[in-house]
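Shown next, in structure tokens, is the structure this report addresses.
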Amino acid sequence: MAKTTKKQTRDSHLTDLEKLGGVILLLIYLALIPLCGAAILNWAGGLLGFSIGPALRQTIWFYLLFAAVALVFHRFLFVCAGTFTGSAGRSFQTLGTALIFFYGLNEILFRVTHLLWGHTVNLNDTALVSLDLLNAAPAATVLALVVLAPFIEEVLLRGFLFGWLRQHSRAAAYLVTCILFALLHTWAMAGDHFTLYYLLIALQYAVPGLIFAWAYDRSDSIWIPIAAHAAVNALAVWTFYA
């Protein structure tokens, strides 16, 4: 009985209102922004009498989503902060393990795909969705990649979706969130031309999807996958500039 109670307590972080907000925000992030985001901001810019470039569009959407996610999930984030500080040793151990396994598994997958198909596709080289944005607006893009995107994606995909699905099936929670995370990071690049190249990239994005989900599942604090995601993106940005 004690184990059952613990599992129920662990799976009850999200309120019904947070779940509803999560559904809406996830649909906005996965569908509305990729399909209509540019058109919406171009229309708004036209009304205001100025044009909005790609870098500014990305920044605006990330700021809006960041604010919305923080507002909807503020209670959940506070609970997870308490979990983090309440078991700091386990939290930091999970964070370190996640980063080690991320780079280890990513390197193995890179070697395997290179041997089988001859592609030199490495997640560290493709993690930055648009290098043009880094050149056009470096400060805003780095902020989006290192701070805003990890926060938004981890709260929505791991905190909300994984946490909700985990109540019913842990395997389904891992599978669905890993697939969504991989597609989210390859859809914009591939467009209508989803070739083997993009499939290999999607497979490599399944690695962080799996590890970030595990980090949340083990620590029960969304701040651990947020920190891991931010560290991975920060290293990718540093590699680009180096």
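The values are calculated or read from the model by the stated rules, or taken from the named source; none is laboratory data. Just so we're clear, the structure is a prediction, and the values are computed from it rather than from any experiment. A quick note on method: Cβ atoms are made from the backbone with ideal geometry, for glycine too, and the neighbour counts reach across all protein chains shown.
Brief remarks on what is shown
- Failed criterion for residue 90 (all others in (1) in contact (Cβ under 8 Å) with a residue 24 or more places away in the chain; (2) of a type in the set (Lys, Arg); (3) in contact with a helix residue (DSSP H, G or I) (Cβ under 6 Å, 6 or more places away or on another chain) hold): (3)
- Within the stretch 146-180, being hydroxyl-bearing (Ser, Thr, Tyr) and crowded, with 22+ Cβ neighbours inside 10 Å holds for one residue alone: 177.
- Of all residue pairs spaced 6 or more apart or on separate chains, those with beta-carbon atoms under 6 Å, a first member in the stretch 186-213 that is within 26 Å of residue 165 (Cα to Cα) and a second member that is at pLDDT below 80 and among the small types (Gly, Ala, Ser) are 186/202.
- Test for residue 210: is it at pLDDT 85 or above, surrounded by fewer than 21 Cβ atoms within 10 Å (Cβ to Cβ) and in contact with a Cys (Cβ under 9 Å, 6 or more places away or on another chain): yes
- Restricting attention to the stretch 45-94, the residues being of a type in the set (Ser, Thr, Tyr), surrounded by 14 or more Cβ atoms within 10 Å (Cβ to Cβ) and assigned to a helix (DSSP H, G or I) number 5.
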